[in-house]
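> Submitted below is the structure of interest, expressed as structure tokens.
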Amino acid sequence: MYSGRRTLAALTCAAALLASSVAMAEIKVGFLGGFTGPIESLTPPIAEGAKLAAAHVNAQGGLLNGQDMGIPTGDTTCADATAAANAADRLINTEKVSAIVGALCSGATISAANNAGIPGGAVMVSPASTSPALTTLEDNDLVFRTAPSDAYQGEVLARLIKSKGIDTIAITYVNNDYGKGFADALASAFAGNGGTVAANEAHEDGKADYRAEVGSLESSGATTLVVLAYADGSGQTILRQALESGTFENYVGGDGMVGDKLLEAVGADRLATMIATKPGTPDIPGAGKFSELAKAADLDPNAVFAAQAYDAAFLLALAIEKNGTASRKGLNEALRAVASAPGEVILPGEWAKAKAAIAAGKDINYEGATGSHEFDANGDVPGVIVEMMVKGGKFVEAGVLK
């Protein structure tokens, strides 16, 4: 009898532990980023932005019945569509994530969505994919982003260049969805503002020598070179070789070029007059709150796309809580609900407040670090664009652009 009781007790204890383990299992939200490749120096702080959101969720009650929010990652390489598709497939079909933050590079997001995200019914919220091509993606309302489209950034960059007294530019862009979409938007807007686009030429990423491309751009007669590429890839090499030639007087970049490692590699003193743009942070309560939280976690609140990644991850957590399940079904509708007015305003870091409001049956409205994120029919947000300049050997914000 004693042995039987002990066995029964052991089985009961084991069952209880198993039930507890199941109840406390992670709910996974994947992160897709270019950990290797042309944006490898930009990716880590973006990933940390998403992980910071998860840390706030986990410290304030967790998801649903107290489950931790896990952030498994996948490397898209940024430049390899197959790698992006495979990384997304692993997260969706092996890791069984509920949703994905990412990808970062536009082509990677499109590949991941078409090959894994959309077939798997997984919501994807990119904090950094800015190509206009995402707007028209046939995605079954599954692909969203917390960064504005380059259709808008191109217009703003065109106005910024003109405001500097520059009337003629040559554009070189990386030959992918990001580069082409950005270049087309910039060229159209610059010409519409009375400027002259002397050259608008694509280049392939991953080459060691772009002197032929630089020579072609020089022959246009423009003395201002706009580089729409990546800080750890072709953009860095083109800048270095253009500087060697000494033809261009001014250099301009898009968000993919805004990385301090670019300045370290090329020489900040040689790019002292360079200007650039990137999606930024408006003057709203959520921005100030995020800045405090990021600094407390030793994360630069102004790191490119880090705040957008925080918003993407926090929004997905709110959507899961609103949906009442870790299932992917219905998550897109829940995402739109938690991101839109009316509802009790939730700021970055206010997970416990949001969890209590949802439990009480109240509507909530997340006002994020980088905007209100009222997604339109295509999953796009307006956002803001900031001017970047080189100061003290680093890229610093010079103000919000209209």
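> Out of the stretch 86-98, which residues are at negative phi, among the charged types (D, E, K, R) and assigned to a loop (DSSP other than H, G, I, E, B)?
Result: 95, single match.
> Would you check which residues across the stretch 99-129 are in a loop (DSSP other than H, G, I, E, B), crowded, with 24+ Cβ neighbours inside 10 Å and in contact (Cβ under 8 Å) with a residue 60 or more places away in the chain and list them?
Matches in the stretch 99-129: 102, 103, 104, 105, 122, 127, 128.
> If you go through the stretch 190-205, how many residues are in a loop (DSSP other than H, G, I, E, B) and surrounded by fewer than 17 Cβ atoms within 10 Å (Cβ to Cβ)? Show your work before the answer.
Taking the stretch 190-205 as the starting set, the residues that turn out to be in a loop (DSSP other than H, G, I, E, B) are 193-195, 204-205.
Remaining after also requiring surrounded by fewer than 17 Cβ atoms within 10 Å (Cβ to Cβ): 193-194, 204.
So the count comes out to 3.
> Exactly one condition in (1) exposed (fewer than 14 other Cβ atoms within 10 Å of the Cβ); (2) out of contact with any strand residue (DSSP E or B) (no Cβ under 7 Å at 6 or more places or on another chain); (3) modelled with pLDDT under 95 is not met by residue 376; state its number.
(3)
> Restricting to the stretch 147-189, what's the tally of residues that are in a loop (DSSP other than H, G, I, E, B), more than 28 Å from residue 207 (Cα to Cα) and out of contact with any helix residue (DSSP H, G or I) (no Cβ under 6 Å at 6 or more places or on another chain)?
Of the residues in the stretch 147-189, 5 are in a loop (DSSP other than H, G, I, E, B), more than 28 Å from residue 207 (Cα to Cα) and out of contact with any helix residue (DSSP H, G or I) (no Cβ under 6 Å at 6 or more places or on another chain).
> Let me ask something additional. On the basis of being in contact (Cβ under 8 Å) with a residue 40 or more places away in the chain, assigned to a loop (DSSP other than H, G, I, E, B), in the same structural domain as residue 131 (by TED's automatic domain parsing) and hydrophobic (A, V, I, L, M, F, W, C), does residue 52 make the cut?
So residue 52 does not fit the description; no.
> Just to check your reading of the model, which residue among 254, 206 is at pLDDT below 95 and within 20 Å of residue 105 (Cα to Cα)?
Going through 254, 206 in turn, the sole match is 206.
> Can you report the number of residues in the stretch 159-168 which are within 28 Å of the chain's Cα centre (by Cα) and within 22 Å of residue 216 (Cβ to Cβ)?
Total meeting the criteria: 1.
> Right, something else. Out of curiosity, is residue 356 within 16 Å of residue 64 (Cα to Cα), in a loop (DSSP other than H, G, I, E, B) and hydrophobic (A, V, I, L, M, F, W, C)?
Considered against the rule, which asks whether it is within 16 Å of residue 64 (Cα to Cα), in a loop (DSSP other than H, G, I, E, B) and hydrophobic (A, V, I, L, M, F, W, C), residue 356 comes out as no.
> Look through the stretch 25-54, keep the residues that are surrounded by fewer than 24 Cβ atoms within 10 Å (Cβ to Cβ) and polar (S, T, N, Q), and return whichever of them is farthest from residue 208 (Cα to Cα).
Step by step, filter the stretch 25-54, then rank; the result is 41.
> Just one of 243, 315 is at pLDDT 95 or above and not assigned by TED's automatic domain parsing to the domain that holds residue 106; which is it?
243
> While we're on this one: Against the condition under 21 Å from the mean Cα position of the chain (by Cα) and modelled with pLDDT of 95 or more, how does residue 358 come out, does it pass?
no
> Let me ask something additional. All but one of (1) in contact with an Asp or Glu (Cβ under 9 Å, 6 or more places away or on another chain); (2) surrounded by fewer than 19 Cβ atoms within 10 Å (Cβ to Cβ); (3) in a loop (DSSP other than H, G, I, E, B) hold for residue 58; which doesn't?
(3)
> For residue 209, indicate whether it is part of a loop (DSSP other than H, G, I, E, B), surrounded by fewer than 22 Cβ atoms within 10 Å (Cβ to Cβ), acidic (Asp, Glu) and under 27 Å from the mean Cα position of the chain (by Cα).
no
> Quick one: which residue in 39, 46 is of a type in the set (Val, Ile, Thr), at pLDDT 95 or above and outside any helix (DSSP H, G or I)? Before you say what the answer is, go through the steps one by one.
Working: 46 fails: outside any helix (DSSP H, G or I).
Exactly one of 39, 46 is of a type in the set (Val, Ile, Thr), at pLDDT 95 or above and outside any helix (DSSP H, G or I), namely 39.
> Within the bounds of the stretch 239-257, is there any residue that is in contact (Cβ under 8 Å) with a residue 60 or more places away in the chain and part of a helix (DSSP H, G or I)?
yes
> Please go through (1) in a helix (DSSP H, G or I); (2) under 13 Å from residue 198 (Cα atoms) for residue 221 and return the number of the only condition it doesn't satisfy.
Of the numbered conditions (1) in a helix (DSSP H, G or I); (2) under 13 Å from residue 198 (Cα atoms), the odd one out for residue 221 is (1).
Residue-wise test of (1) hydroxyl-bearing (Ser, Thr, Tyr); (2) within 15 Å of the chain's Cα centre (by Cα); (3) within 18 Å of residue 255 (Cβ to Cβ).
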site	(1), (2), (3)
270	no, no, no
274	no, no, yes
283	no, no, no
287	no, no, yes
292	no, no, no
298	no, no, no
301	no, yes, yes
306	no, yes, yes
310	yes, yes, yes
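The values are calculated or read from the model by the stated rules, or taken from the named source; none is laboratory data. On a predicted model such as this, the values are computed, not experimentally measured, just so you know. Cβ: placed from backbone, ideal geometry, glycine included. Neighbour counts: every protein chain shown.
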